[in-house]
Amino acid sequence: MKSWVGNHPTFSRRRFLQGTAVASASAAGYYLLTPHGPRSDAKASVLVAGGGAAGISITSRLRRALPNARITIVDPATEHYYQPGFTLIACGEFAPADVVRPQSSLIPQGVRWVQDAVTALDPDRKRLETSRNGTLSYDFLVLCPGLQMNFSAIEGLRREDLGRGNVHCIYDFAGAHKCWGAIQRLAETGGRAYFTDTWTKHKCGGAPKKINMLAEDYCRRAGVRDRVDIQLFTAADHIYDVPAFARRLEQIYAERKIPVTMEHRVKKVDVAARRVTFEDRRATSPVMVTYEFDFLHIVPPMSAPDFVKASPISVNPATGQHEDWVPADPATLRHPRYADVYVAGDVAGIPTSKTAAAVRMQAPVLAANLTATIDGRTPPARYDGYTACPFTTEYGKVLMAEFGYDKKPAPTIPFLDPAHEHRTGWILKRYVLKPMYFELMLRGLV
Ligand SMILES: Cc1cc2nc3c(=O)[nH]c(=O)nc-3n(C[C@H](O)[C@H](O)[C@H](O)COP(=O)(O)OP(=O)(O)OC[C@H]3O[C@@H](n4cnc5c(N)ncnc54)[C@H](O)[C@@H]3O)c2cc1C
């Protein structure tokens, strides 16, 4: 392993302590600024479908706000992953074990856990079907089962094939670790390394670029940059949809001589032959183009899980069609037609980026609004669309993209230029956010 990985000789101790102080102050600030919300003695039955970032943090808050309610989490997972850490596994900063905790250790006290998968949702009859535990009914539902990655929507690709043919994806836990091995080999062999994304909304929209920039930095520091043809192909017609951060990303890609090709959708991967076929949509009539690669990073199309898409909950009344995401009021997070359903996390069809940072700000809003709803009051809290995407532009630096529905920068740390990458952001991402996630956010404390 190269010496700059997990060990940054360019960091002075003073800088590290400064960064840690700022980061800790912001964490404390988060706590003080977070609304702690109303309480109710009502005896409702609340079902939380999904126990990921959203499910656990919301349940922790509901447990305190609704001491007499019967709260149940339904989730089949034995393990809980800190997914923002997958990028740091893929660049050698985290070991896989760093991001995993047993799900049983995170379920809040006094909450019933049905370890099972929801297979169907009938919001008209207020019930869920599960794989092994039959029907579960509820008075109020919190819908937060995350999203589904549709690898098979790319011809020739299966999730279990990740790593074969040097095709990688850091959105998969094992895939992130394989990707790290491949980046190290790339720096030894050189070759054509293509990074791609997808045309649907995807969680942490910045992640494909983060691993792209880190891989380029790794090769540059290894002194082999001139032997690696690194390129980004994006399905979008822009590099990022928030202008203040897109400007700096465009500069970084130009400075680092990483060509960016827009409006290219990955449609097919021939794993054995190492060929990727894109639909090039820049012309009026799209054309298919095929390139050979030595390393490929792909992102599968994403949508709400199948049981959600099949349910009336995802129907858009205007069109009568099932949508890919669940409609929710962007401010209150309440379902527009089912008043006893609240929606949070990646599954929500709200116009913000799908991140754990967004979930952190949705959780107090949802808990306050659901508590009020159970008491028969108007939901009092409003979510402003806050989300954050820490772009790891290189080892030791992060461009901290924080913004809301208005797509204007909303920096948490004062006195730092939000439109430029800095070390403090790296310290937050590398050292602070993971413990904050497990110890504070999932406990409903920030
Ligand atoms: C590579 C990568 C990098 C990322 N980087 C960042 C970052 O830097 N910053 C950031 O803030 N966010 C980042 N994210 C995004 C972040 O992890 C997600 O947005 C967040 O986890 C969403 O929370 P959630 O609860 O909606 O979904 P999840 O945390 O995915 O949880 C969904 C839960 O639902 C459960 N579930 C699924 N299907 C069912 C079912 N049928 N029945 C019951 N339960 C079910 C699952 O088992 C899981 O526990 C990243 C994600 C990835 C993959």
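Derivation of every value follows stated rules applied to the coordinates shown; laboratory data play no part. If you're wondering where the values come from, they're calculated on a predicted model, not measured in any experiment. When we count neighbours, we look across all protein chains shown, and the Cβ atoms used for this are built from the backbone with ideal geometry, even at glycine.
Computed from backbone phi, the HN-Hα couplings of the stretch 321-331 come to 9, 6, 8, 6, 10, 8, x, 8, 5, x, 8 Hz, rounded to whole numbers (Karplus: 6.51 cos²θ - 1.76 cosθ + 1.60, θ = phi - 60°; Gly and Pro given as x). Among the trypsin sites (Lys or Arg not before Pro) in the stretch 337-373, those placed in a DSSP loop whose Cβ has at most 16 other Cβ atoms within 10 Å are ARG337.
Cross-link pairs exceeding 24 Å between alpha carbons, from the set LYS268/LYS434; LYS309/LYS429; LYS268/LYS397; LYS126/LYS407; LYS408/LYS429; LYS209/LYS354: LYS268/LYS434; LYS309/LYS429; LYS268/LYS397; LYS126/LYS407. Ranked by the mean number of other Cβ atoms within 10 Å of their residues, highest first, the peptides 114-122, 53-61 fall in the order 53-61, 114-122.
Which chymotrypsin sites (Phe, Trp or Tyr not before Pro) in the stretch 341-446 pass both tests, a DSSP loop state and at most 12 other beta-carbon atoms within 10 Å? Those satisfying the criteria are PHE415. What net charge do the residues around TYR194 carry, taking every other residue with its C-beta under 10 Å from that of TYR194, with Lys and Arg at +1 and Asp and Glu at -1? Every neighbour counted, the sum reads -2. Positive end of the dipole of the chain (Cβ unit charges, origin at the Cα centre): among SER285, LEU106, ILE73, the Cα lying farthest that way belongs to LEU106.
For the stretch 346-351, the Karplus equation 6.51 cos²θ - 1.76 cosθ + 1.60, evaluated at θ = phi - 60°, returns couplings of 4, 6, 6, x, 10, x Hz by residue, with Gly and Pro reported as x. Tell me the angle of helix 53-65 to the major Cα principal axis of the chain, expressed in degrees between 0 and 90 and rounded to the nearest ten. The angle comes out near 30 degrees.
Put a plus charge on the Cβ of each Lys and Arg, a minus charge on the Cβ of each Asp and Glu, and nothing anywhere else: the dipole of the chain about its Cα centre is then about 980 debye. Shown in residue order for the stretch 353-359 are the 3J(HN,Hα) couplings computed by the Karplus curve 6.51 cos²θ - 1.76 cosθ + 1.60 at θ = phi - 60°: 6, 7, 9, 5, 4, 5, 4 Hz (x for Gly and Pro).
Along the Cα-to-C-beta direction of ALA153, a point sits 7 Å from the Cα; which residues of the stretch 253-279 have their amide N less than 14 Å from that point? Hits in the stretch 253-279 for ALA153 at 14 Å: 265-268. Using the Cβ of VAL260 as centre and a radius below 13 Å, the other residues enclosed give a net charge of -2, where K and R count +1 and D and E count -1. Note on VAL224 and GLU188: the model spin-label points, each 7 Å out from Cα along the C-beta direction, lie 0.8 nm apart.
Of all DSSP bridge pairs formed entirely within the chain, close to 55 percent run antiparallel. Close amide H contacts of ASP116 (hydrogens built in the peptide plane, cut-off under 5 Å, sequence separation of 5 or more or a different chain): ASP75. With respect to the chain, whose longest principal axis is taken over its alpha-carbon atoms, helix 173-189 is tilted by about 10°.
Using the Cβ-Cβ distance between ARG282 and ASP306 with R0 set to 41 Å, the FRET efficiency from 1/(1 + (r/R0)^6) comes to roughly 0.80. Relative to the longest principal axis of the Cα atoms of the chain, helix 207-221 runs at roughly 30 degrees. Between the amide H of THR261 and those of LEU232, PHE233, THR234, distances stay under 5 Å, these residues lying 5 or more places away or on another chain, with hydrogens modeled in the peptide plane. Shown for SER40, SER285: other C-beta atoms within 10 Å of each C-beta, ranked fewest to most, produce the order SER285, SER40. Look at the dipole of the chain built from charges on Cβ: of GLY51, LEU121, GLN148, the Cα furthest out on the positive end belongs to GLY51. Taking Cα centre as origin and charging only the Cβ of basic (Lys, Arg, +1) and acidic (Asp, Glu, -1) residues, the dipole magnitude of the stretch 235-292 rounds to 120 debye.
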